Amino acid sequence: MQSHRHQSLEEINQSVAVPDVHQTAFWRKFLAYSGPGALVAVGYMDPGNWLTSLAGGGQFQYRLLAVLALAIIVAMFMQGLAIRLGVVARQDLAQAIASKLPRPVRYVAWILNEVAMMATDMTGVIGTAIALKMLFGLPLLAGILLTIADVLVVLLFLRFGIRRVEVIVLVAILTVGIIFGIEVGRAHVQFGNVLLGLVPTPLIVKNHTALVLSLGILGATIMPHNLYLHSSLAQSRRYDYHNPAQVTEALRFANWDSTVHLIAAFLINALLLVLGGTLFFGHTNALASLQAVFDGLKSTTVVGALASQVMSWLFALALLITGLISSITSTLAGQIVMEGYLHIRLPLWQRRLLTRAVTLIPILIIGMLVGFSDAAFENLIIYAQVALSIALPFTLLPLVALTNDASLMKAHVNRPTVTWVGYGLAGIITVLNIYLVYSLF
């Protein structure tokens, strides 16, 4: 099957050796398979997640924690299906969908996914520009234009090889987690209320603002590009895919890798939401914008004796790290989508420049219309997450259908329960999105 078509992300496909199935050392195998989950987890904590989590905390304190927890559980389920498709069928999601579609429909699917990629990239651009403004006082326009240079960062990282990139990303995740752990640890958090926030309430459907933010959290948490990415990165391990036992083991450890890193992503997002709920709930600036958090962390009127220039600077540094690191994953996902749907293969630097140029044009137009206002751009990030949430069913439904195809998945085809849960989750997300659109008019 692999001989008559291109491998997904050919530069890294089967590039990382893993232990033989007959070896018994669990931790050695776990470490060998660990890494793709970290790259995917970055997409779960990009600047879009920051804003939706902070805004959710600022407006509803800890009550949207339940939405965040449910979103991560759904993400674990869907990422598991993406892993299964990649490991068993040896195709990424774009290749698998494209093979089932006539050419005109395939082009429409590609356009839809390119728009979703733009929304993803837009959050990284704006988040990075805001971080540069916080740290160095650069105007937003200059910061946005400077993000063109992140193509060099991406290429530099990828020259190290995928294994080293995975380690760099893991260190970045740990750094961001430690920063937010310190900041939440210094705040006066009501831990009893935090636990209550994990219990779902009818607030989501009764309050329109809560619904928009919940869909934003959903769109920022379960993003189409992560599913495309994981189905490809799962193929980066060099295992004997002709050996059924080895395939089963590859699935097992790839899912361990995914689960561990998604739990880490949930904890970081939960820390952000708790930070927003602790510092900004009940304040006049309840939106808890990135700039407001940055200013609040060094303001005695907001955080009292906890005010610290260092905490404020660390917050901006964490934002810059996640903005830059998310560039790697959005570049790889963009390459997967273009190659899978259009069968066009571009060097990474060309793909990155094309993606960034297409993203920058609408950002600059909107920027000129709103006078490069921080608040307008941060609202744009939230609505970009809602747009991703609306695009999500068009990725989830094919993913469930493909992993339910016995001719493709053989012995690893979905169990009936998995298929119905998958369709049910995609259906619920679709209904929520229709309700959101209906309520806007």
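Conditions (1) crowded, with 17+ Cβ neighbours inside 10 Å; (2) modelled with pLDDT of 90 or more; (3) basic (Lys, Arg); (4) in a helix (DSSP H, G or I), marked per residue:
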{"position": "Leu251", "(1), (2), (3), (4)": "yes, yes, no, yes"}
{"position": "Gly276", "(1), (2), (3), (4)": "yes, no, no, yes"}
{"position": "Leu279", "(1), (2), (3), (4)": "yes, no, no, yes"}
{"position": "Gly282", "(1), (2), (3), (4)": "no, no, no, no"}
{"position": "Ile321", "(1), (2), (3), (4)": "yes, no, no, yes"}
{"position": "Ile328", "(1), (2), (3), (4)": "yes, no, no, yes"}
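Among the candidates Gly143, Gly137, single out the residue that is open to solvent by less than 50 Å² (accessible area, probe 1.4 Å), out of contact with any Gly (no Cβ under 6 Å at 6 or more places or on another chain), among the small types (Gly, Ala, Ser) and at pLDDT 75 or above. Only one candidate passes the filter, namely Gly143. Within segment 410-421, the presence of a residue that is at pLDDT 85 or above, touching a Lys or Arg at 6+ places or on another chain (Cβ under 7 Å), surrounded by 19 or more Cβ atoms within 10 Å (Cβ to Cβ) and closer than 21 Å to Ala96 by Cα is excluded.
Cβ-Cβ distances below 9 Å connect the following pairs, each with a first residue in segment 70-93 that is touching a residue at least 60 places away in the same chain (Cβ under 8 Å) and closer than 20 Å to Ala265 by Cβ, a second residue that is open to solvent by less than 10 Å² (accessible area, probe 1.4 Å) and of a type in the set (D, E, K, R), and a separation of six or more residues or different chains: Ala82/Asp92; Ile83/Asp257; Gly86/Asp92.
In the set (1) under 30 Å from Leu145 (Cβ atoms); (2) over 18 Å from the mean Cα position of the chain (by Cα), Leu54 fails one condition alone, (2).
Of the residues contained in segment 49-60, none is found to be part of a helix (DSSP H, G or I), in contact (Cβ under 8 Å) with a residue 24 or more places away in the chain, in contact with a His (Cβ under 7 Å, 6 or more places away or on another chain) and open to solvent by less than 10 Å² (accessible area, probe 1.4 Å). Being free of Cβ contacts under 8 Å to residues at least 12 places away in the same chain and outside any loop (DSSP other than H, G, I, E, B) is the filter here; which residues of segment 17-46 pass it? Phe26, Trp27, Arg28, Leu31, listed by residue number.
Here Leu196, Leu174, Leu132 are screened, and the one residue that is more than 30 Å from Trp313 (Cα to Cα) and out of contact with any Asp or Glu (no Cβ under 7 Å at 6 or more places or on another chain) is Leu196.
Here Ile83 fulfils each of the conditions (1) in a helix (DSSP H, G or I); (2) open to solvent by 10 Å² or more (accessible area, probe 1.4 Å) apart from (2). For first residues located in segment 5-16 and closer than 17 Å to Phe160 by Cβ, partners that are surrounded by fewer than 15 Cβ atoms within 10 Å (Cβ to Cβ) and modelled with pLDDT under 75 and lie 6+ apart or on another chain with Cβ distances below 8 Å do not occur. Pro36 meets each of the listed conditions (1) more than 23 Å from Thr322 (Cβ to Cβ); (2) touching a His at 6+ places or on another chain (Cβ under 9 Å); (3) open to solvent by less than 60 Å² (accessible area, probe 1.4 Å) apart from (1).
The values are calculated or read from the model by the stated rules, or taken from the named source; none is laboratory data. Keep in mind that what you see is a predicted model, and the values were worked out from it rather than measured. Counting neighbours? That spans all protein chains shown, and the Cβs are built from the backbone with ideal geometry, glycine included. Please note that ligands, DNA and RNA were not included when accessible areas were found on the heavy atoms of the full protein model with its side chains. Shrake-Rupley method; radii C 1.70, N 1.55, O 1.52, S 1.80 Å.
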